[in-house]
Amino acid sequence: MHDLVIRGATVVDGLGHDPIRADVAVKDGRIAAIGEIGKDAPETVDAGGLTLMPGIMDLDALRAGIDWQFRTFAEYMTMLRGRGAYMNLAVLVGHSAVRTAVMGEDASVCKQPTAAELAEMKRLVAEAMDQGAIGMGGSYSLNHSGWGACRCRRRSAR
């Protein structure tokens, strides 16, 4: 049995293949199957009309491909602009980055932010939007969630 089935997404694999409309099954935090998936998961997400790009942003790719010489969204945008001409670049504010910037190590455990922490997160997202972000992005990748999130997700899935 799979833990999660994401149904009807347009799947882009990151390998250059044409996008396909498919279901994606997840077991133990990993993709178990792509295609037509039966009804054998306790959690199902209807992703009709949405695009799913599983596995494109893994930790090794992030470590190899990102110059971490920035600490704020403004510094990130300055770094991008300094790289020269680019086309059709749109940047999202990362939920995990904002949560970690505000909560530190507490961001990676099952903990709701305090009212003050949530207010600061909202301020950072609004600031990034004012500086050119087109929206906020979230991820279910354990690589984006910190060391304690794996245990947290397994507990909450029961």
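Quick one: which residues, 5+ away or cross-chain, put their amide H under 5 Å from the amide H of K27? H built at 1.01 Å from N.
Sorted by chain and number, the residues that satisfy this are D3, A32.
Expressed in nm to one decimal, what extension gain is obtained for the pair E36 and N88 from 0.36 nm per residue of sequence separation less their Cα-Cα distance? Walk me through the intermediate numbers first.
Details: separation 52, 0.36 × 52 = 18.72 nm, distance 3.30 nm.
Gain in length upon complete extension: 15.4 nm.
Please list the non-local residues whose amide H lies under 5 Å from the amide H of I37, H modeled 1.01 Å from N, same-chain partners needing a gap of 5 or more.
Hits under the 5 Å cutoff: D23.
Among H2, H17, which comes first, second and so on when ranked by fewest other beta-carbon atoms within 10 Å?
Values: H2 21, H17 9.
Fewest to most other Cβ atoms nearby, the residues stand as H17, H2.
When the Karplus curve 6.51 cos²θ - 1.76 cosθ + 1.60 is applied with θ = phi - 60°, which whole-Hz ³J(HN,Hα) does each residue of the range 42-49 get, with x for Gly and Pro?
In residue order, the calculated couplings are x, 10, 10, 10, 7, 10, x, x Hz.
Lysines near K111 by alpha-carbon distance under 28 Å, same-chain residues fewer than 8 away left out - which ones?
Within reach: K27, K122.
No lab work stands behind these numbers, since they all come straight from the coordinates. Just so we're clear, the structure is a prediction, and the values are computed from it rather than from any experiment. With ideal geometry, Cβ positions are generated from the backbone for all residues, glycine too; neighbour counts draw on all protein chains shown.
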